[in-house]
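J.: The structure that follows is given in the form of structure tokens.
The values are calculated or read from the model by the stated rules, or taken from the named source; none is laboratory data. As the structure is a prediction and not an experimental result, all values here were calculated from the model. Cβ atoms come from the backbone with ideal geometry, glycine included; neighbour counts cover every protein chain shown. Heavy atoms of the whole protein, side chains included, go into the accessibility calculation; ligands, DNA and RNA do not. Shrake-Rupley method; radii C 1.70, N 1.55, O 1.52, S 1.80 Å.
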Amino acid sequence: MKPARFAYVAPDSIEDVLDALDRFGDEAKVLSGGQSLVPMMNFRLARPEVIVDIGRVGGLDGMSVVNGSLTVGARVIHARLEAPTGAMPDGRTEPLGGVLGSLLPEVARFVGHLPIRARGTFGGSIAHADPAAEWCILARTLDAEMVALRRGGERVIAAADFFETVFTTALEPEELLAAVHLPILGDDWRAGFCEFSRRAGDFAVVAAMTAVRLDPATGAISEARIGVGGVAGVPVRLPAAEATLVGEVPGAEVHAAAAEVAAGEVDPAGDLHGSAAYRRDLVRAMVARALAQGAGAPG
Amino acid sequence: MSWVGRSIRRVEDPTLLRGVGMFVGDIGGAAAVRFVRSPVASGLIRAVRGPAYTIEDLDADGVGNIEAVLHRPDYVRLAQPLLARERVRYVGEPVAVVVGDTAAEAEDLAEQVELDIEPLPAAVGIDGALAPGAPLVHPDESDSNVMVAGEMATPGLAEALDRAHAVVDLEIVSGRQAALPLEARGSHAVTERFGGRTTLHASIQAPHMVRTVICDLLGMPEADLRVVAPDVGGAFGQKLPLAREDAIVVWLSRRLGRPVAWIEDRSENLMASWHSREQRYRLRAGFDAEAHLESLQADVVANVGAWPCYPITWGVEPLMALAELPGPYTPEHYGVRSRGVASHTCPMSPYRGVSRPAITLALERLMDIAAPRLGLDPVEIRRRNLQSDFPHTSPTGLRHDEGTYREAMELAVRHVDLGAFRSRQHVARAAGGPQPGIGICTFSERTGYGTPAFAARAMGVTPGYENVELSMDPSGYVTVRIGASPHGQGLETALSQIVADEVGTDPGRVRVVASDTDRTPYGWGSFASRAMVLAGGATYLAAQQLATKLGSLAAEALEAAADDIVLADGRATVAGTSVGVDIAELARIAHHHTQRLPAGATPGLSVQAGYDPAGTFSNACHVAEVDVDPDTGGVSVRRFVVVEDAGRLINPMIVDGQIRGGVVQGIANALLEEIVYDEDGNILTTSLMDYLPPTVAEIPDIEILHLETLSDATVTGAKGVGEGGTIGAPAAVLNAVNDALAHLGVELNEMPATPERVRAAVRSATGTPAGPTN
Ligand SMILES: Cc1cc2nc3c(=O)[nH]c(=O)nc-3n(C[C@H](O)[C@H](O)[C@H](O)COP(=O)(O)OP(=O)(O)OC[C@H]3O[C@@H](n4cnc5c(N)ncnc54)[C@H](O)[C@@H]3O)c2cc1C
């Protein structure tokens, strides 16, 4: 339960962080909130030679609203998303409204416990890529975009391409995840989130997020997104279940039908916390409940 | 006014709450010991390479084996080496040991040790170990994995079952659990350079017993080993048996001549400390037309792991099940076969409640299942069956002193307002969604038993008595030296209340010394809900002797008759007068003016007393209210009520603390905690991500009501109360889960009732996937 020997650097500029990552390559690991990396090092499941602590770097913990999306800096702690604010284009900081504004706190409270939310970071969770992590499910469901920096370059990676497999992302060893863009979701969207975990604060066994867009004229669903975690190596979208919703007016039967398709569409592996059959049952329940939640009043 | 019966604050708490307690890990100044543990469940050791000590080094130093201590014909006797010899028998078994300057370096060294082990098939689980042709855990000593087998039957059992009005068959399963003390195990040893005396600080429950066995193993006189249990962060039975590691730490400190410490980490604790509770009960019960449980037949199997535990033996779970199964009920005919079966898994030790959580689950599920078949509700069937004539002698010869089995249940049922609950439940059933359920559990808790009870087990080492040495110093303060070894229970506070009443002082003038073999009389430590009864009883008797001494001193000083002296509020007075003398003044006289002592009196104020009772039974009724989500199988406990009868309450707040902590562990056993092995014997639950103790969010307020039947079986009238919470809660919760889903036809008799198991039970009862999910 003690880590293997490692070297520790704590640069105070992004440039120096990127230099360090460039120099040490896959021998290095970025340390953000440490809430996943440090336990893994203590179990000696992670044995980085060099730790690059980004805690002293300024400019990574902002939240701002630009062009209909919320940009969340990588070092924004989970707790701040329990009452999200955003710097507006005019420079003022305001509570984040809209559908995303009410979805984020709803989701944030499921991330670990208070002490973990006070240290763990949004970017750390995305980079860590646990398939049941709430932020990863949210990023995948809403088609977030990840901003990756490297020495002398930047690229934007779509969520669909970002999560590769368990704890593995498209980030290269030399890259730093700097920020994530999340779509704000207009007032015609309804979103819901539901998870089942063994105890308060545990990672979800299965979690589901749903977002549907309603045609203002007919009240029918024009676009649907269903993302679930805990059923594969990455958070997954369920296109067949999404398709059953399009054109329908939200309601218990419609939700149940989509949930049934969702349960058939996932192909989970069983483990200690739930067999494949059980996880399917949970997908059915969580998807239906997330849809029902989202069917309430607009965010 | 007496001190006994008052909820005075615990003298233990200021230290602990300020964070200035001294645990083994706080001692420091020692090299770090790390054990290299077997990665496979079963195998032959071909070689161990690297910077480590192995069994060969222990053998070369003449270190002995842990010898078997149970003498019964149906018991396989083994000698256990301190490190694995030739074979490994469970994942986590210590094979080698390294010493580094820091814990991290010791871990680095351990990684360099190469274990060359030829893997063999493993016997895992009860069925795996009992199967014909199962791999044998101790092939040289036994041709089967059954290590202990007890059997008994009263005459006429079969006929009674044949003629029963109703026969109920039932199988219950208890998963494997770990006691999970907040502080894992650990030990720290220093050997004096001159004289060679060793001091061992260890996180343990029975320091004198540990001194004896380590000295036997290392061939050293007990006078040369001091064993101290400093602050201990929870134990629950897991720290009662000898830890092989602790003996090796003593050996290393003597061999290396440097202080060494082993601080167990959480993974080791989950993998290689003691487990408990993996049991299966098959019951057949015969009821007569009035719904009396007339005959009870049981087949019990306990998976006892790869090795016995010293000195409790691997008979502890199966033999307790055999002896105590009838519980609070009164079957005339009783028959049982109870086996302990070895497997390639971590060994078992007692854990708070030992077999009784499973015994109670079996009996209380039986009552709930039988009730509707006999046209009764769960309250009425218990009303007709609970003990009410005292003393009651069980079919296995245990004497139950007076208790309040029925009264406790009636009070609990009134308190929860069962009628109102049933109406709420009716509404919820119609509405769908989470389903409320209520579960009742009545049980007895055998506590405070001394040598006679242990002697009946035919043990080579027979625990039991407690001795107490009590002295008043010249300043009038009392020091109580006890053989029991409290570790957080609050015993120091409770004993000071007893002493204060007897000698007329206040508890602030009483100091309790415990858990240090150099400073306390030989005793058996704290386990089996015994300390209040035994150490409390001995303290009470010693305090009476001290009071007698003070009385005769006062009589001499006041020129009154000793019988007329009253000790109270720090003074000895002549009854009915204001003539008196301070007790502190008497203490001075006893030490400094011995010329004024009555003729023949010994100078000083020291007394000692022993106590060794046969035992007493506490009783309680637990009621749990739960909500069950049929779609996910999730269970939340909404309400928990305990009506407890623990005899005289010395300090009610401390008793409530014992009950609350126990109930939390019981709820954990019922719903959350389970040690899991795969079929090859790899343990899957080695961190707190996988082994799930409850958080505060999973535990409701626990409401406690008391009945107080003063025991005639103990000198203080107190009964033990350390384990009851853990014993009753699982059955109450399981009964509640079953009640919640009764309308779906669910019957679930396995704990923990994990969401997956609950969901599977719903599925198989209803034959359909989820119902409405909103
Ligand atoms: C008891 C407990 C319960 C938890 N429960 C939950 C839960 O319910 N849901 C949940 O989602 N999480 C949970 N977590 C994990 C927690 O949310 C972590 O905070 C999160 O997974 C990682 O964030 P971090 O800032 O702590 O990252 P770190 O632990 O510092 O890093 C995690 C990984 O990401 C990499 N990394 C971090 N930042 C960057 C970056 N900017 N660029 C590139 N790579 C980077 C690191 O190198 C490392 O590999 C729990 C943790 C604990 C200890």
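J.: Can you name every residue in the stretch B:335-349 that is out of contact with any Cys (no Cβ under 8 Å at 6 or more places or on another chain) and part of a loop (DSSP other than H, G, I, E, B)?
T.: First, the residues of the stretch B:335-349 that are out of contact with any Cys (no Cβ under 8 Å at 6 or more places or on another chain): B:335-346.
Within the stretch B:335-349, B:S343, B:H344, B:T345, B:C346 qualify.
J.: Answer with yes or no whether A:L238 is away from the ligand (no atom under 16 Å from the Cβ), away from chain B (no Cβ under 14 Å) and open to solvent by less than 20 Å² (accessible area, probe 1.4 Å). Steps first, answer last, please.
T.: Details: away from the ligand (no atom under 16 Å from the Cβ): yes; away from chain B (no Cβ under 14 Å): yes; open to solvent by less than 20 Å² (accessible area, probe 1.4 Å): yes.
Here the answer is yes, as A:L238 does meet what is asked.
J.: Can you pull out every residue in the stretch B:574-630 that is within 30 Å of B:L671 (Cβ to Cβ) and either free of Cβ contacts under 8 Å to residues at least 40 places away in the same chain or hydrophobic (A, V, I, L, M, F, W, C) (or both)? Before you say what the answer is, go through the steps one by one.
T.: Taking the stretch B:574-630 and keeping what is within 30 Å of B:L671 (Cβ to Cβ), we get B:617-630.
Passing the criteria: B:F617, B:A620, B:C621, B:V623, B:A624, B:V626, B:V628.
J.: Tell me, which residue of the stretch B:540-553 that is under 23 Å from B:R511 (Cα atoms) and small (G, A, S) is surrounded by the fewest Cβ atoms within 10 Å (Cβ to Cβ)? Break it down stepwise before answering.
T.: Filtering the stretch B:540-553 for residues under 23 Å from B:R511 (Cα atoms) gives B:540-551, B:553.
From what's left, small (G, A, S): B:542-543, B:547, B:551.
Values: B:A542: 28, B:A543: 25, B:A547: 20, B:G551: 22.
Ranking the candidates gives B:A547 first.
J.: Let me ask something else about it. Restricting attention to the stretch A:36-68, report how many residues are hydrophobic (A, V, I, L, M, F, W, C) and within 14 Å of another protein chain (Cβ to nearest Cβ). I'd like the intermediate steps shown before the answer.
T.: If we filter the stretch A:36-68 for residues that are hydrophobic (A, V, I, L, M, F, W, C), which is where we start, we get A:37-38, A:40-41, A:43, A:45-46, A:50-52, A:54, A:57, A:60, A:63, A:65-66.
Of the ones still in play, those that are also within 14 Å of another protein chain (Cβ to nearest Cβ) are A:38, A:40-41, A:43, A:45.
Number of matching residues: 5.
J.: May I ask you to verify whether A:R150 is closer than 30 Å to B:P694 by Cβ, open to solvent by 50 Å² or more (accessible area, probe 1.4 Å), charged (D, E, K, R) and more than 8 Å from the ligand (Cβ to nearest atom)?
T.: Working: closer than 30 Å to B:P694 by Cβ: no; open to solvent by 50 Å² or more (accessible area, probe 1.4 Å): yes; charged (D, E, K, R): yes; more than 8 Å from the ligand (Cβ to nearest atom): yes.
When the stated conditions are applied, A:R150 does not pass them.
J.: Do you know which residues across the stretch B:210-244 are open to solvent by 10 Å² or more (accessible area, probe 1.4 Å) and in a helix (DSSP H, G or I)?
T.: Once the filter is applied, which keeps residues that are open to solvent by 10 Å² or more (accessible area, probe 1.4 Å) and in a helix (DSSP H, G or I), the stretch B:210-244 yields B:R211, B:T212, B:D216, B:L218, B:E222, B:A223, B:D224, B:R244.
J.: Another question, then. Determine the pairs where a residue that is charged (D, E, K, R) and modelled with pLDDT of 95 or more, located within the stretch A:115-142, has a partner that is near the ligand (Cβ under 8 Å from one of its atoms) and open to solvent by less than 20 Å² (accessible area, probe 1.4 Å) with Cβ atoms under 7 Å apart, the partner being 6 or more residues away or on another chain.
T.: A:R117/A:H78; A:R117/A:V111; A:R119/A:G33; A:R119/A:G34; A:D130/A:C136; A:E134/A:V111
J.: Here is a list: A:A20, A:A87. Which entry is in contact (Cβ under 8 Å) with a residue 12 or more places away in the chain, out of contact with any helix residue (DSSP H, G or I) (no Cβ under 8 Å at 6 or more places or on another chain) and not assigned by TED's automatic domain parsing to the domain that holds A:V166?
T.: Numbers: A:A87 fails: not assigned by TED's automatic domain parsing to the domain that holds A:V166.
The match here is A:A20.
J.: I would also like to ask the following. Filter the stretch A:241-263 down to the residues that are within 14 Å of another protein chain (Cβ to nearest Cβ) and assigned to a loop (DSSP other than H, G, I, E, B), then identify the one that is most open to solvent (accessible area, probe 1.4 Å).
T.: Checking each candidate, the answer is A:P250.
J.: Just need a number here: residues in the stretch A:191-220 that are within 14 Å of chain B (Cβ to nearest Cβ) and surrounded by 17 or more Cβ atoms within 10 Å (Cβ to Cβ). Steps first, answer last, please.
T.: In the first step, residues of the stretch A:191-220 are kept if they are within 14 Å of chain B (Cβ to nearest Cβ); the result is A:192, A:194-208, A:210.
Narrowing the set further to residues that are surrounded by 17 or more Cβ atoms within 10 Å (Cβ to Cβ) leaves A:192, A:194-198, A:201-208, A:210.
Summing the residues that are within 14 Å of chain B (Cβ to nearest Cβ) and surrounded by 17 or more Cβ atoms within 10 Å (Cβ to Cβ) in the stretch A:191-220 gives 15.
J.: In this structure, does A:D188 turn out to be open to solvent by 30 Å² or more (accessible area, probe 1.4 Å) and within 14 Å of chain B (Cβ to nearest Cβ)? Spell out the reasoning first.
T.: Details: open to solvent by 30 Å² or more (accessible area, probe 1.4 Å): yes; within 14 Å of chain B (Cβ to nearest Cβ): no.
In short, no.
J.: Considering the stretch A:53-97 alone, what residues qualify as being within 14 Å of the ligand (Cβ to nearest atom) and hydrophobic (A, V, I, L, M, F, W, C)?
T.: Matches in the stretch A:53-97: A:I54, A:V57, A:L60, A:V72, A:A74, A:V76, A:I77, A:A79, A:L81.
J.: Can you report the number of residues in the stretch B:312-330 which are in contact with a Leu (Cβ under 8 Å, 6 or more places away or on another chain) and farther than 18 Å from B:C441 by Cβ?
T.: Taking the stretch B:312-330 and keeping what is in contact with a Leu (Cβ under 8 Å, 6 or more places away or on another chain), we get B:312-313, B:315, B:323-330.
Now drop any that are not farther than 18 Å from B:C441 by Cβ, which leaves B:312-313, B:315, B:323.
Here the count works out to 4.
J.: Hey, another quick one. Within the stretch A:79-87, is there a residue that is open to solvent by 20 Å² or more (accessible area, probe 1.4 Å) and more than 30 Å from A:A211 (Cα to Cα)? Step through it out loud before you land on a result.
T.: We begin by selecting, within the stretch A:79-87, every residue open to solvent by 20 Å² or more (accessible area, probe 1.4 Å); these are A:79-80, A:82-83, A:85, A:87.
Adding the requirement that they be more than 30 Å from A:A211 (Cα to Cα) leaves none.
The answer is no, given that none of the residues of the stretch A:79-87 is open to solvent by 20 Å² or more (accessible area, probe 1.4 Å) and more than 30 Å from A:A211 (Cα to Cα).
J.: If I filter the stretch A:154-166 down to residues being over 21 Å from A:V212 (Cα atoms), free of Cβ contacts under 8 Å to residues at least 60 places away in the same chain and open to solvent by 30 Å² or more (accessible area, probe 1.4 Å), which single residue comes out as nearest to the chain's Cα centre (by Cα)?
T.: Step one: list which residues in the stretch A:154-166 are over 21 Å from A:V212 (Cα atoms), which gives A:154-157, A:161-166.
Filter again for free of Cβ contacts under 8 Å to residues at least 60 places away in the same chain, leaving A:154-157, A:161-162.
Add one more test, that the residue is open to solvent by 30 Å² or more (accessible area, probe 1.4 Å), and what stays is A:154-156, A:161.
Working: A:E154: 21, A:R155: 19, A:V156: 16, A:D161: 14 Å.
Step by step, filter the stretch A:154-166, then rank; the result is A:D161.
J.: Looking only at the stretch B:627-663, which residues are out of contact with any helix residue (DSSP H, G or I) (no Cβ under 8 Å at 6 or more places or on another chain) and open to solvent by less than 10 Å² (accessible area, probe 1.4 Å)?
T.: The answer is B:G647, and nothing else.
J.: Please go through (1) assigned to a loop (DSSP other than H, G, I, E, B); (2) touching a Pro at 6+ places or on another chain (Cβ under 7 Å) for B:V98 and return the number of the only condition it doesn't satisfy.
T.: (1)
J.: Separate question: Answer yes if at least one residue in the stretch A:24-35 is over 18 Å from A:M146 (Cβ atoms) and within 14 Å of chain B (Cβ to nearest Cβ), and no otherwise.
T.: Taking the stretch A:24-35 as the starting set, the residues that turn out to be over 18 Å from A:M146 (Cβ atoms) are A:24-28, A:31, A:34-35.
Filter once more, keeping what is within 14 Å of chain B (Cβ to nearest Cβ): A:35.
Yes; the residues of the stretch A:24-35 include at least one that is over 18 Å from A:M146 (Cβ atoms) and within 14 Å of chain B (Cβ to nearest Cβ).
J.: Can we say A:A290 is within 14 Å of chain B (Cβ to nearest Cβ), in contact (Cβ under 8 Å) with a residue 12 or more places away in the chain and farther than 23 Å from A:D130 by Cβ? Lay out the reasoning, then the answer.
T.: Numbers: within 14 Å of chain B (Cβ to nearest Cβ): yes; in contact (Cβ under 8 Å) with a residue 12 or more places away in the chain: yes; farther than 23 Å from A:D130 by Cβ: no.
When the stated conditions are applied, A:A290 does not pass them.
J.: Identify, please: which residue in the stretch A:103-131 is open to solvent by less than 10 Å² (accessible area, probe 1.4 Å) and part of a loop (DSSP other than H, G, I, E, B) and is, among those, farthest from the ligand (Cβ to nearest atom)?
T.: The qualifying residue farthest from the ligand (Cβ to nearest atom) is A:A129.
J.: Quick check: anything in the stretch B:749-760 free of Cβ contacts under 8 Å to residues at least 24 places away in the same chain, in a helix (DSSP H, G or I), within 14 Å of chain A (Cβ to nearest Cβ) and among the small types (G, A, S)?
T.: no
J.: Let me ask another. Would you mention how many residues in the stretch B:674-698 are open to solvent by 30 Å² or more (accessible area, probe 1.4 Å), more than 7 Å from chain A (Cβ to nearest Cβ) and within 21 Å of A:M1 (Cβ to Cβ)?
T.: Total meeting the criteria: 4.
J.: Still on this structure, please answer the following. So A:V66 clears everything in (1) among the β-branched types (V, I, T); (2) at pLDDT 95 or above; (3) loosely packed, with under 15 Cβ neighbours inside 10 Å except one condition, right? Which one?
T.: All conditions pass for A:V66, except number (2).
J.: Taking A:F43, is it more than 25 Å from B:A103 (Cα to Cα) and either within 11 Å of the ligand (Cβ to nearest atom) or outside the structural domain of A:G124 (by TED's automatic domain parsing) (or both)? Can you show your working first?
T.: Details: more than 25 Å from B:A103 (Cα to Cα): no; either within 11 Å of the ligand (Cβ to nearest atom) or outside the structural domain of A:G124 (by TED's automatic domain parsing) (or both): yes.
No; evaluated as a whole, the condition is false for this residue.
J.: Taking the stretch A:153-167 as the search range and keeping residues that are away from the ligand (no atom under 14 Å from the Cβ) and in a helix (DSSP H, G or I), which one is nearest to the other protein chains (Cβ to nearest Cβ)?
T.: A:A159
J.: Taking the stated definitions as given, is A:D143 under 13 Å from the mean Cα position of the chain (by Cα), away from the ligand (no atom under 16 Å from the Cβ) and not polar (S, T, N, Q)? Show your work before the answer.
T.: Details: under 13 Å from the mean Cα position of the chain (by Cα): yes; away from the ligand (no atom under 16 Å from the Cβ): yes; not polar (S, T, N, Q): yes.
Taking the combined requirement at face value, the residue satisfies it.
J.: Taking strands (runs of 3 or more DSSP E) that do not extend beyond the stretch B:158-208, which have at least 3 residues that are crowded, with 21+ Cβ neighbours inside 10 Å? Spell out the reasoning first.
T.: Details: elements: B:166-174, B:186-191, B:198-202.
By residue number, B:186-191, B:198-202.
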